[in-house]
Amino acid sequence: MNKECIICHRTDQPWFSKKRCKSCASKTYAKPVTKSRIIKQTDKNKEQRKEDRADFPEFFARHCAIIKEGKVCENCGSKNLQGISAEVAHILSKNKKSHPEVATNDNNIVYLCFWGGCHTKFDSSLSVRREMPVFKIAAERLKTIRHLIINKTKESQQFEEYWENQKL
């Protein structure tokens, strides 16, 4: 039989720490929210973000319309695409630190199902991405805009290595 938690008096769980159940112990170990832990978003940051992402609404609207015309998932072939922005997968990351130079380039995307998990799987890890059927499609599309890529990241290097191996 488990002993009683000194905070909530539950007996259905074993003690985790200092005569407390896991639930009660985790509450006291949680880091308090402090000013230093809150990301301060200044008006300048907000304006810069708006400016950096100014082309995104039109870009996503255009590609969502294309999906609605009858596109299928380029990885699994699912016909259940709904035409939402979560089905527009960037081959190279669109964030400011990675590849903003190709963020809204039409050759930097593939259409992947969101509900079927292909988009999440594609974004989850580079090694998983390389094993997916859509990787070859992504590599061919990206090859057309290769000259625009400024930043060398692990993501872009993966495609460089793939192209080198194709020459052999």
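Computed from the coordinates by the stated procedures, all read-outs in this text should not be read as laboratory data. What you are looking at is a predicted structure, and each value in this text was computed from that prediction instead of being measured. Counting neighbours? That spans all protein chains shown, and the Cβs are built from the backbone with ideal geometry, glycine included.
Points to keep in mind about this one:
- Set of aspartates and glutamates with alpha-carbon distance to LYS46 below 19 Å, sequence-local pairs under 8 removed: ASP55
- Cross-link partners of LYS44 among lysines (Cα-Cα below 18 Å; sequence separation of 8 or more within a chain): LYS96, LYS97
- Note on the range 99-133 and the range 57-84: Cα centroid distance 13 Å, given to the nearest whole angstrom.
- Dipole check for the chain: with +1 at the C-beta of Lys and Arg, -1 at the C-beta of Asp and Glu, and the Cα centre as origin, the magnitude is about 1160 Debye.
- The chain - mean residue ellipticity at 222 nm from DSSP helices (-39,500 (n - 2.57) per run, n ≥ 4, rounded to 500): -12000 deg cm²/dmol
- With all projection directions averaged, the alpha carbon convex hull of the range 57-168 covers 6.8 nm².
- Note: relative contact order over the range 44-167, using C-alpha pairs below 8 Å and six or more positions apart, is 21 percent.
- For the pair GLU101 and PHE56 in one chain, pulling the backbone fully straight at 0.36 nm per residue adds 14.9 nm over the alpha carbon distance.
- Using the Cβ-Cβ distance between TRP115 and TRP163 with R0 set to 30 Å, the FRET efficiency from 1/(1 + (r/R0)^6) comes to roughly 0.40.
- Qualifying lysines (Cα of each under 22 Å from Cα of LYS3; at least 8 residues distant if same chain): LYS18, LYS19, LYS22, LYS27
- The modelled label-to-label distance between VAL128 and ASP12, using points 7 Å beyond Cα along the C-beta direction, is 3.3 nm.
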